[in-house]
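Each remark here refers to the structure printed beneath this line.
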Amino acid sequence: MIRVRMKASDAHYAGGLVDGAKMLELFGDVATELLIRSDGDEGLFRAYDSVEFLAPVYSGDYIEAEGTIVGAGATSRKMSFVARKVIVPRPDIAASSCDVLSEPIVVCKASGTCVVPKDCQREDLPWKNS
């Protein structure tokens, strides 16, 4: 899981709206960490099977993106991802005010497949042998 704040430079559209591709970038970062933890290698993202954009994201929002390996083949790793908005700016109160949401808002869900070539998979990882 990673948590990041959407910067003003992440806004791509009027009103500070962030491009949905930013969520896919976050999922890519999550996938990379999952592959390092499972195989000791960054691997490669092969394809998304599905992507659902469910709510808008704006600059100033805090987004948590998390992923899970839900299946594994000889070189492939099937993953599912979810991104949630957890903090929102409150400029109506003050320029620096924010609210922590009591109930996070799911902004994006996706599933996809990553690949770690056999010769890049590490068996010497201490946590793999315990």
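Bear in mind that the values in this text are calculations on the coordinates, not laboratory data. Please read these numbers as outputs of a predicted model, since none were measured by experiment. Cβ atoms come from the backbone with ideal geometry, glycine included; neighbour counts cover every protein chain shown.
Let's see how each residue does on (1) in a strand (DSSP E or B); (2) within 13 Å of A110 (Cβ to Cβ):
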site	(1), (2)
Y48	yes, yes
A55	no, no
G71	yes, no
P91	no, no
A94	no, no
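Restrict the check to the stretch 116-128 and report whether at least one residue is in contact with a helix residue (DSSP H, G or I) (Cβ under 7 Å, 6 or more places away or on another chain), assigned to a strand (DSSP E or B) and buried (at least 16 other Cβ atoms within 10 Å of the Cβ). No, there is no match, as no residue in the stretch 116-128 is in contact with a helix residue (DSSP H, G or I) (Cβ under 7 Å, 6 or more places away or on another chain), assigned to a strand (DSSP E or B) and buried (at least 16 other Cβ atoms within 10 Å of the Cβ). Take the conditions under 30 Å from A8 (Cβ atoms), of a type in the set (D, E, K, R) and either surrounded by 13 or more Cβ atoms within 10 Å (Cβ to Cβ) or within 19 Å of the chain's Cα centre (by Cα) (or both) and apply them to R77. Does it pass? Here the answer is no, as R77 does not meet what is asked. Looking at Y13, Y58, just one residue is farther than 19 Å from C120 by Cβ, free of Cβ contacts under 8 Å to residues at least 60 places away in the same chain, surrounded by 13 or more Cβ atoms within 10 Å (Cβ to Cβ) and out of contact with any Phe, Trp or Tyr (no Cβ under 6 Å at 6 or more places or on another chain), and that residue is Y58.
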